[in-house]
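Peer 1: Quick one: the structure is below, questions incoming.
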Amino acid sequence: MITVSVKPLFIAIFTLSLFLAIVLLSPSSPFSSTPSNKQTGKSDIWGVKRLVEWRPCKWWTHGPRIALPAESNGYIRVDCYGGLNQMRRDFCDGIGIARLLNATLVMPKFEAAAYWNESSGFADVFDVDYFIQQMDGFIKVVKELPPEVALKEPFRVDCSKRKGQFDYIESALPSLLKYQFISITPAMSQRRDRYPLHAKAALCQACYGALRLTRSLEQKAAELLEAIPKPFLSLHLRFEPDMVAYSQCEYQGLSPASKDAIEAARGDRKPWTGELARIWRKRGKCPLTPNETAFIFQALSIPTNTNIYLAAGDGLMEIEGLKSIYTNVVTKSELLSGEDFLNMHGNTKAALDYYVSINSDFYVATFFGNMDKMVAAMRAYNGLHNTVFLSRRAYAELTSKGLDGKELKQALWLAHKEDFAMGRGSALPDCFCDFKS
């Protein structure tokens, strides 16, 4: 008869179980769902529990639609200027106005701009047939004007001071009824919350449910997305000469090349100095440098081996400040080749960044511009909530108090943790409603 000592066997089993428990439950374990900061043991920003999430409001996704009138009051063309996302914003706003005025929408005019290195039109970027199909029941849309209308130029209506529905009804509607064909560029100051629901629904559907890239452009964007190492973070970094010049901010320690580029872009827009410069910076008006961005990433415990796709245009300055710490950074120019990519202009290249960003595992913006608002809203529309806007104001206020090192990182963590948990900046409330978990 063979006897087995129970005590040593029990100790061995207990020791093995304890080891497995430590490995599985450790925050830095490869089995853990949330990466961690090895120095502090703190989970990264993505591990923070969301208390508020933005989702498309049911009044425009599932609510009853008001039937379109049998006759429209005329035709409206939306004239769009600037970069792709600014033009997209203007177009969406223009659709809300057209529905408000019971007008038939004509394909928009994307104004060619030498400044943006741009020559592509709406149909070069977006699928026209898909747009018309998805807007059915929300607003009347035509590809071409009737011959009797197409022969004349639209009457230009100045919208620079329009804000709400009564401004447009009182001022724009008479011109629409008189000329039957008008063009508008919506004012940035307009108040969408003053629109009736049927006009807001048309705007929301257009912006988030009807704009799809052309088949060829979407295929190129999908090719780019496939080439990026997974999982990955899409970073919209804004530290170009024109951005810095426009901000009227001064920076210390920049390279001579960066200083020259900024000076060339300034024109008559001189930087603030003295106390005004300090006040301006503390209000969060100064773009984050790549080095500052990397510091905040570390404060948020984002691992330095994170795969990062740089969603940015040409001319980024001081990029080594980011790449020296976060080494897995890729760009579209590195991942794509071919004559078709080389021939792309501003709008089509921006469309690639937009597509990758709305499909990324994580999205971080250093600004709160038109692209960031559109991307964050589309991510919320698709149920993707790992989106963070880095706070320029928090960084400026905390550094102005003399905080640095670990103390600064901890303060930045607390500021961004609260913003992320409450879903601040994650969506445009005109079309999205907050859902408290």
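Peer 1: Describe numerically, in nm with one decimal, the distance between label points set 7 Å from Cα along Cα→Cβ at S337 and at D361.
Peer 2: Output for this residue pair reads 2.7 nm.
Peer 1: Taking the solvent-accessible surface of protein heavy atoms with a 1.4 Å probe, what is the per residue accessible area of the range 224-335 in Å²? Write out the running numbers ahead of the final one.
Peer 2: Working: 5290 Å² over 112 residues.
Heavy-atom SASA per residue in the range 224-335 reads 47 Å².
Peer 1: Please compute the per residue accessible area over the range 75-210 with all protein chains in place, 1.4 Å probe, rounded to a whole number of Å². Can you show the working numbers first?
Peer 2: Details: 5900 Å² over 136 residues.
That works out to 43 Å² for each residue.
Peer 1: So I have (i) 1.06; (ii) 1.11; (iii) 1.00, and one of them is Rg/Rh (Cα atoms, Kirkwood Rh) calculated from this model. Which one is it?
Peer 2: It is the one labelled (i).
Peer 1: Then there's this: Mind checking the full-extension length gain between T61 and V330? Use 0.36 nm per residue of separation minus the Cα-Cα distance, one decimal, nm.
Peer 2: So the extension gain works out to 93.2 nm.
Peer 1: Given a Förster radius of 51 Å and the C-beta distance between L177 and N305 as r, what FRET efficiency does 1/(1 + (r/R0)^6) yield to the nearest 0.05? Intermediate values should be presented prior to the final figure.
Peer 2: On the way: r = 62 Å, r/R0 = 1.22.
FRET efficiency, L177 to N305: 0.25.
Peer 1: Towards the positive end of the charge dipole of the range 199-302, with charges on Cβ (+1 Lys, Arg; -1 Asp, Glu), say which of L276, P241, N291 has the farthest Cα.
Peer 2: L276
Peer 1: What is the log10 of I(q)/I(0) for the range 75-210, computed with the Debye formula using one identical point scatterer on each Cα and no solvent, at q = 0.11, 0.13, 0.19 Å⁻¹?
Peer 2: Per q value, in the given order, log10 I(q)/I(0) is -0.36, -0.50, -1.13.
Peer 1: Of the options L151, I132, A98, report the single residue whose Cα projects farthest towards the positive end of the charge dipole of the range 75-210 (beta-carbon charges: Lys, Arg +1; Asp, Glu -1).
Peer 2: A98
Peer 1: How many angstrom lie between the C-alpha centres of the range 288-362 and the range 388-402?
Peer 2: What the calculation gives is 22 Å, centre to centre.
Peer 1: On to the next question. Quick check: net charge around L68, other residues with Cβ under 12 Å of its Cβ, Lys/Arg +1 and Asp/Glu -1?
Peer 2: Summing Lys/Arg as +1 and Asp/Glu as -1 gives +1.
Peer 1: Expressed as a rounded percentage, what relative contact order does the range 75-210 have, with Cα pairs under 8 Å and six or more residues apart?
Peer 2: 36 percent
Peer 1: A further question on this structure: For the pairs K49/K282; K140/K349; K178/K373; K220/K270; K259/K406, note any where the Cα-Cα span goes beyond 32 Å.
Peer 2: K178/K373; K220/K270
Peer 1: Further, regarding this structure: On a straight-distance basis, which aspartates and glutamates could pair with K58 in a cross-link, Cα separation under 14 angstrom, same-chain partners fewer than 8 positions away excluded?
Peer 2: Here the aspartates and glutamates satisfying the reach criterion relative to K58 are D430, D434.
Peer 1: Quote the charge dipole size of the range 75-210 about the Cα centre in Debye, to the nearest 20; the model charges only the Cβ of Lys and Arg (+1) and of Asp and Glu (-1).
Peer 2: Values: 17 positive and 16 negative charges, 110 e Å.
My answer is approximately 520 debye.
Peer 1: Return the carbon/sulfur percentage of the accessible area of the chain, one whole number, probe 1.4 Å, all protein chains in place.
Peer 2: On the chain, the fraction of accessible area on carbon and sulfur atoms equals 55 percent.
Peer 1: GNM, the chain, Cα, under 10 Å: largest mean-square fluctuation among I262, I132, I296?
Peer 2: I262
Peer 1: Another one. Going by a 4.7 Å Cβ-Cβ cut-off, which cysteines of the chain have no partner at all?
Peer 2: Cysteines of the chain left without a disulfide-compatible partner: C80, C159.
Peer 1: Using Cα pairs under 8 angstrom and six or more residues apart, how large is the relative contact order of the chain, in percent?
Peer 2: On the way: 690 pairs, mean separation 96.6, N = 437.
This gives 22 percent for the chain.
Peer 1: Placing unit charges on C-beta atoms (Lys and Arg positive, Asp and Glu negative, everything else neutral), compute the dipole magnitude of the chain about its Cα centre in debye, rounded to 20.
Peer 2: In total the dipole reaches around 1560 debye.
The values are calculated or read from the model by the stated rules, or taken from the named source; none is laboratory data. Here the structure is a predicted model, which is why all the values come from computation and not from measurement. Because the Cβ atoms are built from the backbone with ideal geometry, glycine has one as well, and the counts that use them run over all protein chains shown. For the accessible areas, the whole protein counts, side chains as well, though only heavy atoms, and no ligand, DNA or RNA atoms are used. Shrake-Rupley method; radii C 1.70, N 1.55, O 1.52, S 1.80 Å.
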